[in-house]
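Scroll down for the structure; my scribbles are underneath it.
Just so it is clear, none of the values below were taken in a lab; they were calculated from the coordinates. It should be emphasised that the depicted structure is a prediction, and the values quoted were computed from it without experimental measurement. So basically every Cβ, Gly included, is an ideal-geometry build from the backbone, and we count neighbours across all protein chains shown.
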Amino acid sequence: MANIIGAITTSHIPAIANAMANGLEETPYWKPFFDGYPPVRDWLNEKKPDVIILFYNDHGLEFFIDKKPTFAMGVADEYYNSDEGWGIPTIPPVTGESDLSWHIANSLVDEGFDMTICQEMKVDHGLTVPLNLMWPGHKYGHVKVIPVCINCEQYPMPQPWRTFELGKAIGRAVASYEKDLNVVVFGTGGMSHQLDGERAGFINRAFDLDCLDKLVSDPEALTKYTNIDLVEQGGAQAVELNMLIAMRGTLLGKVTELHRNYHAPISNTGSGLMLLEHEMPK
Ligand code: DHB
Ligand code: FE
């Protein structure tokens with residue numbers, strides 16, 4: 001049986017890739033952010049997951065605003081990145097896990113989630129930056145990645161209650177897969193941030209910290225928020241919290257927090273790194 005052995009929330013902003021490419025990790029600006037990562041990297045190197053299910057939002061590389069699937073997922077054996085205009089290094093291909101991807105896709109559609117199923121899919125910084133953060137130097141080729149993409153750019157967007165349900169359904173799908181695989185789930189993005197408009201630069205630390213607490217012990221409380229609540233509390237792009245909420249949905253057993261590092265601002269965002277484990281189904 002496949003098992004979700006843990007879950008990770010992390011920022012995905014392109015500035016991280018530039019900081020890493022330019023060796024800025026120890027500079028005063030970046031150090032408090034990067035200092036959070038070694039325990040999570042160590043945990044990944046010890047647990048050696050076979051598969052990462054990665055919730056992210058596509059910022060326009062694969063799905064521009066003319067065509068926006070509410071929920072999309074990849075079922076390919078390989079995924080490519082290309083220049084998004086952020087000046088960050090283009091990364092080597094990401095390895096896929098086609099068989100488990102199809103199992104999850106079938107299970108989700110059977111449960112009523114009308115996924116857009118992608119046999120080819122370019123993956124943007126929402127996916128690539130977190131992978132490189134966890135395996136610096138782009139050393140993630142041994143890990144198989146299943147990209148799950150949630151619309152956070154173009155209204156109407158799925159609400160937190162729905163993204164949480166999507167996560168739960170993916171948790172059930174993984175548990176019903178017969179092959180022995182260890183799976184870790186990433187929720188990337190957020191937390192509070194607003195990139196343009198009157199409140200550009202807006203960050204709400206208290207809200208972010210409360211969301212991190214609730215992700216651990218009371219995720220249902222997060223599902224009571226609407227996307228407009230998230231925008232009011234955390235800025236226009238705080239809707240990216242939906243990826244963290246979806247990630248939390250996959251953890252079906254009692255959850256323990258192993259590590260946390262909150263730091264703000266980093267570029268325009270509040271960054272919440274968290275490592276969670278849960279009581280796995282027997
Ligand atoms: C930034 C934040 C994002 O969520 C993103 O996708 C790109 C950039 C930023 O704050 O720089
Ligand atoms: Fe983003």
Item to check | Looking only at segment 56-112, and only at residues there that are closer than 11 Å to LYS122 by Cβ, among the charged types (D, E, K, R) and touching a residue at least 60 places away in the same chain (Cβ under 8 Å), the one that is surrounded by the most Cβ atoms within 10 Å (Cβ to Cβ) | outcome: ASP58
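Could you identify the single residue in LEU166, LEU133 that is within 16 Å of ligand 1 (Cβ to nearest atom) and either assigned to a helix (DSSP H, G or I) or out of contact with any Lys or Arg (no Cβ under 7 Å at 6 or more places or on another chain) (or both)?
LEU133
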Item to check | When residues of segment 7-22 are limited to those that are in contact (Cβ under 8 Å) with a residue 24 or more places away in the chain and away from ligand 1 (no atom under 13 Å from the Cβ), the one surrounded by the most Cβ atoms within 10 Å (Cβ to Cβ) | outcome: THR9
Checklist outcome for this item: Only one of LEU222, LEU133 is in contact (Cβ under 8 Å) with a residue 40 or more places away in the chain, touching a strand residue (DSSP E or B) at 6+ places or on another chain (Cβ under 8 Å), surrounded by 14 or more Cβ atoms within 10 Å (Cβ to Cβ) and of a type in the set (A, V, I, L, M, F, W, C), namely LEU133
Checklist entry - Counting only residues that are over 18 Å from the mean Cα position of the chain (by Cα), in a loop (DSSP other than H, G, I, E, B) and away from ligand 1 (no atom under 16 Å from the Cβ), which one in segment 40-74 is nearest to VAL184 (Cα to Cα)? => result LYS48
Checklist entry - Could you list, in sequence order, the residues of segment 194-228 that are of a type in the set (Phe, Trp, Tyr) and either closer than 20 Å to LEU252 by Cβ or touching a Gly at 6+ places or on another chain (Cβ under 6 Å) (or both)? => result PHE202, PHE207
Checklist outcome for this item: For ALA264, the lone unmet condition from (1) within 12 Å of ligand 1 (Cβ to nearest atom); (2) surrounded by 22 or more Cβ atoms within 10 Å (Cβ to Cβ) is (2)
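May I ask you to list the residues in segment 19-39 that are closer than 23 Å to LEU275 by Cβ and either of a type in the set (S, T, N, Q) or part of a loop (DSSP other than H, G, I, E, B) (or both)? It would help to see each step written out before you state the result.
First, the residues of segment 19-39 that are closer than 23 Å to LEU275 by Cβ: 19-20, 25-26, 30-39.
Listed by number, the residues that qualify are GLU25, GLU26, TRP30, ASP35, GLY36, TYR37.
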Item to check | Checking ILE16 against (1) closer than 23 Å to LEU251 by Cα; (2) in a helix (DSSP H, G or I); (3) of a type in the set (Val, Ile, Thr); (4) within 16 Å of ligand 2 (Cβ to nearest atom), the condition it does not meet | outcome: (1)
Next on the checklist: Can you confirm whether VAL148 is surrounded by 24 or more Cβ atoms within 10 Å (Cβ to Cβ) and within 20 Å of ASP50 (Cβ to Cβ)?
Outcome noted: yes
Next on the checklist: So for segment 76-92 (the condition being closer than 18 Å to GLY187 by Cβ and in a loop (DSSP other than H, G, I, E, B)), does at least one residue qualify?
Outcome noted: no
